[in-house]
C-alpha cells in the first residue's frame, strides 16, 4: 500500500474517532442505552461509496477497536462491534442492490447499528426485556441515518479523497 | 423525486416498524413490582407500593430505591453508571439496566412471583 493511501486511510480513521468521541460527549439520552447520533457512520458511508467495502470495513473495525480501547470497556467493544458489523453488512448489501441512494443506505445502516447493539446486549444479559428499547432505537437510527445520509451524499459527490 | 422513491419507502417502513414494535413491546401501564434479574435469572422482586432501599450484589453492587411507586438505582460501582442515569421507572415493561453487572430491574404488574421479597 502506498504511503499516500496509508495517510488517507489514517485520516478517515481519525475522523471517525473524533466523530465517535463527539457524539459521546453530547448526551442524547441517558435513559436509553445506545441512543447515539451515529456520526461516525458518516465516514464509513463515505468510504463505502468512494473507496469500497473492504476499505469501509477496515475503517469501521479500526474505529471500533480504537474507540473501545480509549474510552470504553470490553462490553462497549462487543456492542460497538456488533452494531458496526451488522450495519456495514446491511449497507454493503443495499448499496450493491443499486436502488437506494446513500440516504437510504445510511438509514438502514443507522437502524441496524442500533439493532445490532441491542441484540448483543440481550445476549449478554440473557434477557428479552431490552426489546422494549427497540422502538426508540429504530426511530433514532432512522433520524441519524437521514442526517448522515444527506451529509454523506453531498460529501461523496464533492470530495475526492483518493485519485 | 423518482430516484428517492426507494429511500422514502425504506425510511417509511423503518418508522412503521418502530411503531409496530412500540405497540408490541413498548412500555405499558403503571406496574406493581420491581423485578430484579441477574444474568437472566430472577433474584428478587419488590412491591412498588412499599418504600425500600436495598443493596443488590456484594463486590459489584447497585443500590435499588423504591419510593413513591417508582424504582431507581441510586448508586452503583459499575463504572459507566448508565443505570443511575436512567432515573425512575414505574410502568410495566420499563427497565433499568446495568450491563457490567448483568443486572436488570424491570417493572411488572399483577400478582407476585414465588417470593414477596428476597435478598441475596
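The values are calculated or read from the model by the stated rules, or taken from the named source; none is laboratory data. Computed from a predicted model, the values in this text were never measured in an experiment. Neighbour counts run over all protein chains shown; Cβ positions are idealised from the backbone, glycine included.
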Among (1) touching a residue at least 60 places away in the same chain (Cβ under 8 Å); (2) under 20 Å from residue B:25 (Cβ atoms), the one test that residue A:115 misses: (1)
Matching residues, the range A:115-143, being outside any helix (DSSP H, G or I) and at the interface with chain B (Cβ under 7 Å from one of its Cβ atoms): A:126, A:127
Failed criterion for residue A:146 (all others in (1) facing another protein chain (nearest Cβ under 10 Å); (2) buried (at least 22 other Cβ atoms within 10 Å of the Cβ); (3) part of a helix (DSSP H, G or I) hold): (2)
Qualifying positions in the range B:8-55 - under 30 Å from residue A:91 (Cα atoms) and touching a residue at least 12 places away in the same chain (Cβ under 8 Å): B:25, B:26
Single condition residue A:36 does not satisfy, out of (1) assigned to a helix (DSSP H, G or I); (2) farther than 19 Å from residue A:156 by Cβ; (3) out of contact with any strand residue (DSSP E or B) (no Cβ under 7 Å at 6 or more places or on another chain): (1)
Criterion (within 8 Å of chain B (Cβ to nearest Cβ), part of a helix (DSSP H, G or I) and more than 30 Å from residue B:35 (Cβ to Cβ)) met by exactly one of A:103, A:111: A:103
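Report whether or not residue B:28 is over 21 Å from residue A:123 (Cα atoms), within 13 Å of chain A (Cβ to nearest Cβ), touching a strand residue (DSSP E or B) at 6+ places or on another chain (Cβ under 9 Å) and assigned to a loop (DSSP other than H, G, I, E, B). Step through it out loud before you land on a result.
On the way: over 21 Å from residue A:123 (Cα atoms): yes; within 13 Å of chain A (Cβ to nearest Cβ): yes; touching a strand residue (DSSP E or B) at 6+ places or on another chain (Cβ under 9 Å): yes; assigned to a loop (DSSP other than H, G, I, E, B): yes.
Answer is yes for this residue.
Assess whether residue A:83 counts as being more than 13 Å from every other protein chain (Cβ to nearest Cβ), under 10 Å from the mean Cα position of the chain (by Cα), crowded, with 21+ Cβ neighbours inside 10 Å and on the phi > 0 side of the Ramachandran plot. Steps first, please.
Working: more than 13 Å from every other protein chain (Cβ to nearest Cβ): yes; under 10 Å from the mean Cα position of the chain (by Cα): yes; crowded, with 21+ Cβ neighbours inside 10 Å: yes; on the phi > 0 side of the Ramachandran plot: no.
In short, no.
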Options B:16, B:10, B:23: the member that is within 12 Å of another protein chain (Cβ to nearest Cβ), surrounded by fewer than 17 Cβ atoms within 10 Å (Cβ to Cβ), in a helix (DSSP H, G or I) and modelled with pLDDT of 85 or more: B:16
Of the criteria (1) more than 20 Å from the chain's Cα centre (by Cα); (2) surrounded by fewer than 18 Cβ atoms within 10 Å (Cβ to Cβ); (3) assigned to a helix (DSSP H, G or I), which one residue A:154 fails: (1)
Failed criterion for residue B:82 (all others in (1) within 21 Å of residue A:122 (Cα to Cα); (2) buried (at least 21 other Cβ atoms within 10 Å of the Cβ) hold): (2)
Test: residue in the range A:58-69 that is assigned to a helix (DSSP H, G or I) and within 11 Å of chain B (Cβ to nearest Cβ): no
